[in-house]
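What follows is a short report on a single structure.
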Amino acid sequence: MTAESPQVALADSAPDQSLTSTRGHLGDTIFKGISAGSGGLILVILAAVALFLIVQAMPAFLGDPRYQHYGNTWTYVAPYLFGTVWASFLALLIAVPVAVGIALYISHYAPKRLSTPVAFVIDLLAAVPSVVFGLWGINTLAPMLVPIYQWLNTHFGWIPLFAGTVSGTGRTMLTAALVLAIMILPIITSLSREVFLRTPGLQEEASLALGATRWEMVRQVVLPFGRSGIVSASMLGLGRALGETMAVAMVLSGGRTVSFQLLTSQNPNTIAANIALSFPEADSYAVPQLIATGLVLFVITFLVNMAGRAITGGPKPDRAAREKKRVGKESK
């Protein structure tokens, strides 16, 4: 009996052949292949778009006189590039503080019965088509802002941003920036809210237990924890603002000008809006220059995403290593 017990134990410990089937390994292999293929497909599509833009825009950049329909390509692109960056910067300047404030209110101040409806309404804004924003901006927002623009020009006209002759229609760069800010508000708010909700509860409770007020706790714990998330959300919002087309084309009365004035009718246009307005009437010799502006926008958007990735995904300093280094310096 005793001599057979090792054999029984050995038999009991032997794996069941039904449990070592290759079916599980096959499923893992298939899933890995699908995942890798999906990731590779994104890169292929991105490379195909970049190749298309480069090939189509190359005649305009090489200075071929036949494809200089709007004049020199670089001179043609520059005002629209300025308008794109300027409008997106203003929209981000307006939207980020408001979005962070809404996210903090939903996550840390509003009662549950109120935070859920507010979050739902903010998320609904992301589903509104850009054409609807454009119609609202040109028919409702722009006329409503004209008296405010006149007041700003009268009392703060000494500031270059508010100088010049006020537009009678309200179709100004500031109006376009406000519409863009409302359009990117849901993206920044939703992502910031999710980051704030993931703040470690023990850290919040410890801060409050040490006598901090609600705002001091938010400033010392929540905002530092969510800094990278806020930057990521802002970069996504900036990417949306850079590529927005219809709302800007409908609201902004723009042209090939470079001006920082926000209240006049002489405004720089954006790349996307200019392509949308000019492409239907462009002939085969004008299309390369329009595609060249699209290539510039593609590069700018790509650089913005890379910058956001570098800011949020860069190497984090090792706290233990820093503490060890500090202790070593003090011991010397």
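The residue list K329, K316 contains one member that is at pLDDT below 65, among the basic types (K, R) and not in a helix (DSSP H, G or I), which is K316. The set of residues in segment 139-173 that are under 14 Å from N267 (Cβ atoms), among the hydroxyl-bearing types (S, T, Y) and open to solvent by 30 Å² or more (accessible area, probe 1.4 Å) comprises T165, T169.
Note on segment 59-80: residues that are assigned to a helix (DSSP H, G or I) and either crowded, with 19+ Cβ neighbours inside 10 Å or free of Cβ contacts under 8 Å to residues at least 40 places away in the same chain (or both) amount to 11. Would you point out which residue out of V179, V166 is out of contact with any Cys (no Cβ under 8 Å at 6 or more places or on another chain), β-branched (V, I, T), within 15 Å of L145 (Cβ to Cβ) and at pLDDT below 90? Being out of contact with any Cys (no Cβ under 8 Å at 6 or more places or on another chain), β-branched (V, I, T), within 15 Å of L145 (Cβ to Cβ) and at pLDDT below 90 holds for just one of V179, V166, which is V166.
Inspect all residues belonging to segment 84-104 and state whether any of them is loosely packed, with under 14 Cβ neighbours inside 10 Å, in contact with a Phe, Trp or Tyr (Cβ under 9 Å, 6 or more places away or on another chain) and at negative phi. No, because not a single residue in segment 84-104 is loosely packed, with under 14 Cβ neighbours inside 10 Å, in contact with a Phe, Trp or Tyr (Cβ under 9 Å, 6 or more places away or on another chain) and at negative phi.
For first residues located in segment 245-262 and part of a helix (DSSP H, G or I), partners that are polar (S, T, N, Q) and lie 6+ apart or on another chain with Cβ distances below 7 Å form the pairs M246/S130; A247/S130; V248/T270; V251/T175.
The values are calculated or read from the model by the stated rules, or taken from the named source; none is laboratory data. Fair warning: this is a prediction, and the values are worked out from it, not measured in the lab. Cβ: placed from backbone, ideal geometry, glycine included. Neighbour counts: every protein chain shown. Remember, those area values only see protein heavy atoms, side chains included, never the ligands or the DNA or RNA. Shrake-Rupley method; radii C 1.70, N 1.55, O 1.52, S 1.80 Å.
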